[in-house]
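Student: To start, I am sharing the structure in question, which I have written as structure tokens.
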Amino acid sequence: MNNKNLYAAISAAFPADRSGVAVESADSSTGATLKRYSWHALDEQTARIANLLASLNLPEGSRVAVQTEKSVEALMLYLAVLRAGYVYLPLNTAYQAAEVEYFVGNAEPAVVVCSPKSLSWIQPIAQAAGVARVFTLDDAGGGTLAESAAGHSATHTIAEKQADDLAAILYTSGTTGRSKGAMLSHHNLLSNALTLKDYWGWSSIDVLIHSLPIFHVHGLFVASHCALLSGAKMIWFSKFDPNAVIARLPDATVFMGVPTLYVRLLGDARLSRELCKNMRLFVAGSAPLLIETFNDWRERTGHTILERYGMSETAMLTSNPYLAAHGERRGGTVGFPLPGVQVRVSNDKGAACPINEIGGIEVKGSNVFSGYWRMPEKTKEEFTADGWFKTGDVGKIDERGYVVIVGRSKDLIISGGYNVYPAEIEGYLNDMPGVAESAVIGVPHPDFGEAGVAVVVAKADSALDATAMLAELKSKIANFKVPKRVFIVSDLPRNAMGKVQKNLLRQEHARLFV
Ligand code: MCA
Ligand code: AMP
């Protein structure tokens with residue numbers, strides 16, 4: 001195949017008989033079938049949207065920013081952006097105006113697609129940033145995008161792309177300063193997806209339960225690409241609800257989730273071996289999977305969860321083995337480097353760590369991004385002189401070659417699979433009247449794995465109200481970033497250098513939720 005467009009590989013994997021079901025949307029609370037979309041319909045609708053985009057005469061490399069609820073039509077929009085040769089920029093639906101304003105201002109998309117309910121606040125943001133067109137896409141697939149696409153042809157020649165051309169930009173928050181857009185090429189995404197498809201034994205008879213959001217690597221790339229590149233059917237939920245997943249497990253063969261999804265499924269007394277008898281694979285990632293969850297899952301279902309590890313900048317890096325011949329799936333580890341991915345552990349002087357010694361995890365491979373959008377300096381900082389990407393994760397490689405993640409050098413909280421950067425939340429808190437300083441930490445949480453907690457110091461003669469502070473945060477930032485608790489204290493613990501000792505705060509509040 002000469003055309004390196006990821007969509008060319010995806011469409012080449014469509015089954016010969018395109019009348020079969022590619023995606024079945026299902027009610028996210030009951031699991032009941034809502035609508036079936038054939039491969040043919042997927043092809044036709046992505047063609048229409050791709051033709052609509054092409055008709056706008058956008059410059060080469062234009063970004064299409066999307067903040068819509070999850071629907072099959074939203075998946076089609078993603079595929080259409082690839083097909084038309086533009087760059088997809090997904091945004092978490094929880095982001096509010098200030099957050100979206102930053103992404104739109106930074107990425108300068110030519111097109112924005114949003115939910116009709118957000119149009120009133122997104123339109124002015126888009127206008128101010130010089131966005132050429134704003135379309136709407138609602139939960140049921142309606143809106144101005146579908147209306148405009150309806151007038152376009154259902155055939156479209158896939159745009160020619162080179163392997164290194166950009167396919168998507170995924171924003172990841174920064175430990176200091178603002179979010180950075182990780183630039184992923186068609187080759188980054190395709191090479192990783194083909195590796196996973198192979199390594200995890202995908203075939204066209206698989207049926208994937210897709211209940212993750214599609215604005216992050218896990219749901220958008222890992223889950224969707226594996227199914228699409230295998231010609232396998234997806235059962236598509238607009239959001240995760242254990243009740244609906246339990247209802248459809250007997251119809252499925254593969255499930256992917258962040259650890260919180262497994263914890264919530266285990267909380268349902270109906271989860272059993274019988275229910276999972278047609279399943280062949282449960283994949284977990286995006287956050288550490290507790291060994292208790294790993295063990296409980298095996299006991300209840302008879303299946304051993306396959307834990308893997310990745311990042312927005314790299315897609316998937318390591319995976320526990322799928323085939324028993326390659327080794328056992330070991331809880332508490334993220335498995336082996338995937339074929340084509342190199343992983344090393346380095347100490348703070350940049351020297352390689354021996355087996356079982358803890359250091360910074362560095363990676364290399366055709367899956368690794370080319371850099372951060374318009375941030376060459378940041379990009380340079382995150383790579384070693386010999387071209388390895390510094391993940392910011394801390395870990396080791398054991399004597400059997402399994403990678404174990406023990407922590408992070410980046411000040412990051414992962415809550416329910418979403419990343420929350422304390423520096424960003426502290427910025428908002430510090431801007432509030434009467435706040436002298438603040439520290440945001442992550443503490444163990446039974447449902448989200450980790451939850452954010454804010455510890456705030458008031459200015460002299462100021463009285464702070466924790467409830468009001470939480471309400472203000474809620475009005476400004478994505479809800480999952482809002483700390484679950486705010487503590488007002490007289491001072492923060494500091495070391496001799498004057499640096500806040502977050503480890504002491506984490507110890508103090510370690511048992512808050514567990
Ligand atoms: C929701 N809430 C949360 C979170 N989600 N709080 C902390 N962390 C969260 N993740 C809070 C809301 O703020 C709200 O609080 C209340 O819970 C209910 O919100 P709702 O949206 O109804 O929650 P939910 O539907 O139960 O969502 C929980 C969830 C969701 C299903 C676990 O967070 C989720 O889908 N997580 C998956 C994220 C994911 O796909 N990550 C992959 C990133 P209030 O009522 O007070 O406002 S990709 C990645 O990390 C790398 C590359 C990788 O390796 O995959
Ligand atoms: P993101 O910025 O959303 O791409 O998140 C990537 C980060 O999620 C990684 O750098 C890790 O810290 C974390 N992560 C992903 N998968 C795992 C896993 N299986 N175990 C522990 N941490 C993980």
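The values are calculated or read from the model by the stated rules, or taken from the named source; none is laboratory data. The model shown is predicted, which means the values in this text are computed figures rather than measured ones. Every residue, glycine among them, receives a Cβ derived from its backbone with ideal geometry; neighbour counts consider all protein chains shown. Keep in mind that these areas ignore ligands, DNA and RNA; they rest on the heavy atoms of the full protein, side chains included. Shrake-Rupley method; radii C 1.70, N 1.55, O 1.52, S 1.80 Å.
Student: On the given criteria, is His303 within 19 Å of Ser25 (Cα to Cα), in contact with a Leu (Cβ under 9 Å, 6 or more places away or on another chain) and in contact (Cβ under 8 Å) with a residue 24 or more places away in the chain?
Tutor: No.
Student: May I pose another question? Anything in region 482-498 that is part of a loop (DSSP other than H, G, I, E, B) and exposed (fewer than 14 other Cβ atoms within 10 Å of the Cβ)? List them, or say none.
Tutor: Selection gives Ser490, Asp491, Asn495, Ala496, Met497, Gly498.
Student: Could you please tell me which pairs satisfy a Cβ distance under 6 Å, a separation of 6+ or placement on different chains, a first residue in region 213-227 that is away from ligand 1 (no atom under 12 Å from the Cβ), and a second residue that is assigned to a loop (DSSP other than H, G, I, E, B)?
Tutor: Listed by first residue and then by second, the contacts come to Cys226/Trp202.
Student: Say whether the condition of being more than 19 Å from Lys180 (Cβ to Cβ), within 21 Å of the chain's Cα centre (by Cα) and either touching a residue at least 12 places away in the same chain (Cβ under 8 Å) or within 16 Å of ligand 1 (Cβ to nearest atom) (or both) is met by at least one residue in region 345-365.
Tutor: Looking through region 345-365, at least one residue is more than 19 Å from Lys180 (Cβ to Cβ), within 21 Å of the chain's Cα centre (by Cα) and either touching a residue at least 12 places away in the same chain (Cβ under 8 Å) or within 16 Å of ligand 1 (Cβ to nearest atom) (or both).
Student: When region 281-303 is examined, which residues are found to be more than 8 Å from ligand 2 (Cβ to nearest atom) and crowded, with 18+ Cβ neighbours inside 10 Å?
Tutor: Leu281, Phe282, Val283, Thr293, Phe294, Trp297, Thr301
Student: Also: Tell me, please, whether a residue that is within 18 Å of the chain's Cα centre (by Cα), buried (at least 19 other Cβ atoms within 10 Å of the Cβ) and of a type in the set (Val, Ile, Thr) can be found in region 393-407.
Tutor: Scanning region 393-407, I find no residue that is within 18 Å of the chain's Cα centre (by Cα), buried (at least 19 other Cβ atoms within 10 Å of the Cβ) and of a type in the set (Val, Ile, Thr), so the answer is no.
Student: Another question, if that's okay. Quick test for you: out of Leu261, Leu265, pick the one residue that is within 16 Å of ligand 2 (Cβ to nearest atom), part of a helix (DSSP H, G or I) and under 30 Å from Gly20 (Cβ atoms).
Tutor: Leu261
Student: Additional query: Of all strands (runs of 3 or more DSSP E) completely enclosed by region 1-114, which ones contain at least 3 residues that are among the hydroxyl-bearing types (Ser, Thr, Tyr)?
Tutor: It comes to 33-38.
Student: Taking region 249-266 only, how many residues are within 14 Å of Phe294 (Cα to Cα) and open to solvent by 70 Å² or more (accessible area, probe 1.4 Å)?
Tutor: Summing the residues that are within 14 Å of Phe294 (Cα to Cα) and open to solvent by 70 Å² or more (accessible area, probe 1.4 Å) in region 249-266 gives 1.
Student: For region 306-325, give me each residue that is farther than 13 Å from Pro339 by Cβ, more than 8 Å from ligand 1 (Cβ to nearest atom) and among the aliphatic types (A, V, I, L, M).
Tutor: The answer is Leu306, Ala324, Ala325.
Student: Under the condition of being in contact (Cβ under 8 Å) with a residue 40 or more places away in the chain and within 18 Å of Trp297 (Cα to Cα), which residue from region 321-334 is nearest to ligand 2 (Cβ to nearest atom)?
Tutor: Per the stated criteria, the residue is Val334.
Student: Could I ask something else about it? Filter region 447-481 down to the residues that are more than 9 Å from ligand 1 (Cβ to nearest atom) and part of a strand (DSSP E or B), then identify the one that is farthest from the chain's Cα centre (by Cα).
Tutor: Ranking the candidates gives Ala458 first.
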